[in-house]
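For reference, the structure discussed in these notes is given below.
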Ligand SMILES: Cc1cc2nc3c(=O)[nH]c(=O)nc-3n(C[C@H](O)[C@H](O)[C@H](O)COP(=O)(O)OP(=O)(O)OC[C@H]3O[C@@H](n4cnc5c(N)ncnc54)[C@H](O)[C@@H]3O)c2cc1C
Ligand SMILES: NC(=O)c1ccc[n+]([C@@H]2O[C@H](COP(=O)([O-])OP(=O)(O)OC[C@H]3O[C@@H](n4cnc5c(N)ncnc54)[C@H](OP(=O)(O)O)[C@@H]3O)[C@@H](O)[C@H]2O)c1
Ligand SMILES: Cc1cc2nc3c(=O)[nH]c(=O)nc-3n(C[C@H](O)[C@H](O)[C@H](O)COP(=O)(O)O)c2cc1C
């Protein structure tokens, strides 16, 4: 009997996937799948728990395996490390299934090797305004260029990472998917587009890919390696955050500044957490309680009514759910679509109308859930339905501003407070304002370390470094220099810093001056934009010293940029291109190629947001 799913708890997309898959699987494959799913579900019920330690022993079905070679290549294009983490997890899972796995960053992958591989998994995020991550760019351009080969022999699947509040949601993943199909490659499993709460869809994608790979490689599950897998959650991570005590929380800006930038010191004592310069800390914030009150009031909801907060069926009071678990300050298209099921509003219907997507973006800009509830109310949703339209509250990342070598058991952050007015209301950044207004020494924050191998000091301590970090972009460079000071690295270092005013906004001023005095920092150039009639930015300082800057690059210096992505990083990039042309006599194309090479050699790295 051909297997066909007709009436099930799955979404339309999932049913389609299952109905493509199930009719083609053999009896042995059916029995493997059934055993596998039983094993997976037993893994979510931990068998032993002790003092914050959870260990689950996962029994998987033991099946005879033919000794076929099952290769798969996983390429990741990741800017801030999410995709890399998922790709590493996928590699580890597939290795345990006896796959021969090649795991590489797209920037390290030689496109000629495409001809040699049969199964390709791409995990790629979207950055900028629908742009590939820096490390994915050369591979992206190769596939979209004239030299891209026919790929009829290739089977592939794409996991796209993104954020549905952006106009070009998951565009890079979609582009790769389309291009691979155009080049003749066959989808192994359909592309999955992940929003910021990517854990579940990424796991579903991997499960679908696993099954498809097993089928396409004519194999079954491996025996020995899978008999017992130990899943340990003793380590703190994004899914098991550490509650770090706040040791210090000070405003780095002087009186009269337009800004409030907090220097936070957190204790890692007892966590076992370690980090490297270039890594970030993720903080799980809490939503503002006044905003929650207003939301609850607007729909006459009961703050104490319990609602389900996750797929595991955990329940919390509505107030707690809105405070700790769901995003209420960003309006995305999927949210407004779901809201429309509970609203009679004609305005909402017309906003959602396909050809008016520009209007929808304009509406969402600077507005939050409370605005939508008021503008499109009355809303007929009950408490559970209300939370079911919301995304999970995502952690905020902050570039680490300290060296672990110099401060074991501590991590320091530099957090710019986000406050602005929009549509007649003062808006507050969820995490930055919580840190500025509600967090004192002694309080605890749920955090994790977010590894970022795309922003690393050079391996050779003698390699010169050029650091460009205006505003809060200074953070990782405090970590870099503290580390180089601690380890006695001999390489030259040059820091470009800028902010509005010398007197009020020169973050960590005395530290930099001491580093210069001690020779740890070779050169410091500052650009205070509002101390003169004309704006002065870091790129102006770079151009003023273009000869030396070019010479440092020629000597092998690595270039780092951190801070604002929208304007600063783009302008600094253009300034670099201009310097390469002016001082290196390169054509515009040669300068672009030079930068591409720098990216590939990991000598041009950006941590921008
Ligand atoms: C890898 C990485 C490293 C980072 N490192 C740092 C760091 O070291 N220091 C730091 O301060 N931040 C850093 N950030 C940014 C940080 O993660 C948060 O995005 C930032 O603190 C804002 O979070 P929030 O919760 O306070 O604000 P949110 O509640 O998330 O609000 C911010 C959002 O408000 C909107 N917004 C802001 N201003 C306006 C305006 N004028 N008009 C309309 N809308 C506006 C924008 O959509 C913006 O995304 C980093 C981000 C990444 C991805
Ligand atoms: N995506 C996010 O989630 C998110 C969240 C928070 C912050 N951010 C961004 O992160 C940035 C960090 O804020 P911050 O307070 O640390 O610093 P900032 O706003 O970037 O300001 C630092 C300095 O850079 C200058 N500057 C402005 N435009 C520039 C340009 N095109 N090129 C070079 N320098 C420029 C500023 O000058 P002037 O001010 O005088 O113009 C100021 O002197 C903000 O700009 C914000 O856009 C993003
Ligand atoms: C500065 C910045 C720009 C972004 N631009 C987009 C975008 O245009 N489209 C999108 O879908 N997601 C966008 N995102 C969201 C990221 O794709 C998302 O956070 C993803 O999980 C990052 O994965 P990575 O860490 O592997 O790079 C952006 C994120 C940042 C920080």
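Computed from the coordinates by the stated procedures, all read-outs in this text should not be read as laboratory data. Predicted, not measured: the structure shown is a model, and the values here were computed from it. Note that we place each Cβ from the backbone using ideal geometry, even for glycine, and neighbour counts take in every protein chain shown.
Extension gain, residue 359 to residue 566, is 72.4 nm, computed as 0.36 nm per intervening residue step minus the present C-alpha separation.
For segment 455-609, a/c is not less than 1.5, where a ≥ b ≥ c are the root eigenvalues of the C-alpha gyration tensor, and a/b does not top b/c. That puts it in the oblate class. For the peptides 407-413, 238-244, the ranking by packing is 407-413, 238-244, with the highest mean count of neighbouring Cβ atoms within 10 Å listed first.
Rounded to the nearest 0.05, the FRET efficiency derived from the C-beta distance between residue 511 and residue 96 at R0 = 41 Å is 0.30. In segment 346-505, the DSSP beta bridges split such that about 55 percent are antiparallel, to the nearest 5.
Taking the DSSP bridge list for the chain and keeping only pairs wholly inside it, about 50 percent are antiparallel.
Packing, as the average of other Cβ atoms within 10 Å across residues, places the peptides 73-81, 203-211 in the order 73-81, 203-211, highest first. With neighbour counts taken as other beta-carbon atoms within 10 Å, the residues 284, 168 rank, fewest first, as 168, 284.
Any chance you could run the full-extension gain for residue 503 through residue 593? It's 0.36 nm times the residue separation minus the Cα-Cα distance, nm to one decimal. Don't skip to the end; give the middle numbers.
Numbers: separation 90, 0.36 × 90 = 32.40 nm, distance 4.03 nm.
Gain on stretching residue 503 to residue 593: 28.4 nm.
Taking every DSSP bridge with both residues inside segment 114-178, close to 10 percent are antiparallel.
Give, in nm to one decimal, the length gained when the segment between residue 545 and residue 239 is fully stretched (0.36 nm per residue of separation minus the Cα-Cα distance).
On the way: separation 306, 0.36 × 306 = 110.16 nm, distance 4.58 nm.
Residue separation times 0.36 nm, minus the Cα-Cα distance, leaves 105.6 nm.
What order do you get for 572, 72 when you list them from fewest to most C-beta neighbours inside 10 Å?
Values: 572 24, 72 28.
Taking fewest neighbouring Cβ atoms as first place, the list is 572, 72.
Sorting 602, 179 by the number of Cβ atoms found within 10 Å of their own Cβ, with the fewest placed first, yields 179, 602.
Tell me whether segment 271-367 comes out rounded, prolate or oblate; compute the Cα gyration tensor, take square roots of the eigenvalues as a ≥ b ≥ c, and use a/c under 1.5 as the rounded threshold. Numbers along the way, then the final one.
On the way: a/c = 2.33, a/b = 1.37, b/c = 1.70.
Oblate.
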